[in-house]
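Have a look at the structure below, then the notes.
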Amino acid sequence: MQRVREVLRAVIEFALRNGRKASDSETVQIVEEKWPPDQQKDHPHLSLYRPRVLRWARALAQAFDPTNFVGATLREEPFEWTDDSGVSRIIKLQLIGHFDDGNGDHFAVALQVDSADESAAEVKWSQLKDYQRLPFVLLHQRHGDVQPRVFVGEKGELLSFRWSQRRPEESTRVQADAARQVFQRLTSGIFDGTTNDWACDRCPCRTICPGWIGAIQKDKVI
Ligand code: SF4
């Protein structure tokens, strides 16, 4: 999915830098440059994924209108947290767009493959899992003013995100605090993951997972 995000990020950046949507041929060129046909050519599902990313890129090129964000400047700085020993660590937000418009309004665009509600014109707080809305939560905690957007690939639509309507500030703070606590514990050598044979035996990280190789203290093993 990282490759897909890079392609989609390039589509948004093209539009913002040029002040117009990418044409179809320019969109195809972006896809070819960001994901050349010979890259990952041994992947068994490449024949599904490359056409899909082209379809999503074309849809995003149409859905993302840079004239709604006149004077935009890209935010390129990484999002960092400092651990208890003073080491800065980059938290990957995995956004496909992150910028300010000419008024100084701050936007963050994330990718979702699909949406549970086909007809919805926006994505509700409760429709995303914790980890899916975490980038928005962390940015909101740090900057206080982020306006999230969600590009739903299979719908080809760019939707607004609705913050929790029930005590929004508290919901955001609680999730950000929980993430911060996990970060501090993990960087202090405490692994909070819940390991179990059923889930972990199918996990590609099984052989390098700190919970299994004993590289880090396990608080929970069931
Ligand atoms: S092996 Fe580790 S990373 Fe993978 S599911 Fe289990 S606890 Fe999570």
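Nothing in this text is a laboratory measurement; each read-out follows from the coordinates by a stated rule. Note that this is a predicted model, so its numbers are computed, not measured. Cβ placement follows ideal geometry from the backbone for every residue including glycine, while neighbour counts extend to all protein chains displayed.
Summing charges over all other residues whose Cβ lies under 9 Å from the Cβ of TRP81, with Lys and Arg as +1 and Asp and Glu as -1, gives 0.
Run through segment 135-222 and list the trypsin sites (Lys or Arg not before Pro) located in a DSSP loop whose Cβ has at most 15 other Cβ atoms within 10 Å. Working shown, then result.
On the way: sites: ARG142, ARG149, LYS155, ARG162, ARG166, ARG173, ARG180, ARG185, ARG202, ARG206, LYS218, LYS220; in loops: LYS155, ARG166, ARG202, ARG206, LYS220.
Listed in order of number, the matching sites are ARG166, ARG202, ARG206, LYS220.
Computed over segment 22-108, the P(r) curve from all C-alpha pair distances, binned at 5 Å from the origin, holds 3, 11, 15, 15, 17, 15, 11, 8, 4, 1 percent per bin.
Measuring max minus min along each principal axis, the C-alpha atoms of the chain give extents of 52, 45, 37 Å (largest first).
Taken over segment 71-188, the convex hull of the Cα atoms encloses 113 Å³ per residue.
Once R0 is set to 30 Å, what does the formula 1/(1 + (r/R0)^6) return for the Cβ-Cβ distance between GLU170 and ASP114, expressed as a FRET efficiency to the nearest 0.05?
Working: r = 29 Å, r/R0 = 0.97.
Once rounded, the FRET efficiency stands at 0.55.
Could you please report the charge total around GLY153, scoring K, R as +1 and D, E as -1 over all other residues with beta-carbon less than 12 angstrom from its beta-carbon?
+2
Hey, with R₀ at 41 Å, roughly what FRET efficiency would GLU122 and ILE213 work out to, going by the Cβ-Cβ distance, to 0.05? For R0 = 41 Å, the calculated efficiency reads 0.45. Taking Cα atoms only, the orientation of helix 46-63 departs from the longest principal axis of the chain by about 60 degrees.
Total lysine pairs in the chain at Cα distances under 20 Å, for residues eight or more apart or on different chains: 6. In this simple spin-label approximation, SER160 and ASN196 carry label points 7 Å from Cα along the Cα→Cβ vector, and these lie 4.0 nm apart. Please give the helix 130-143 orientation as an angle from the longest Cα principal axis of the chain, in degrees from 0 to 90, rounded to the nearest 10. It works out to around 80 degrees. Each label point was placed 7 Å from the Cα along the Cα-to-Cβ direction; for ASP65 and GLU32 their separation is 3.0 nm. Can you give me the Cα centroid spacing of segment 37-106 and segment 141-220 in angstrom? So the separation of the two Cα centres works out to 18 Å. Note down the net charge around ARG180, summing +1 for each Lys or Arg and -1 for each Asp or Glu among other residues with Cβ under 15 Å from its Cβ. Taking every Cβ under 15 Å from that of ARG180, the sum is -2.
Based on other C-beta atoms within 10 Å, arrange CYS200, CYS205 from fewest to most.
Working: CYS200 15, CYS205 11.
With the sparsest Cβ surroundings first, the list reads CYS205, CYS200.
Normalised by the residues of the chain, what does the relative contact order come to in percent, with Cα pairs under 8 Å and at least six apart? Rounded, it is 16 percent for the chain.
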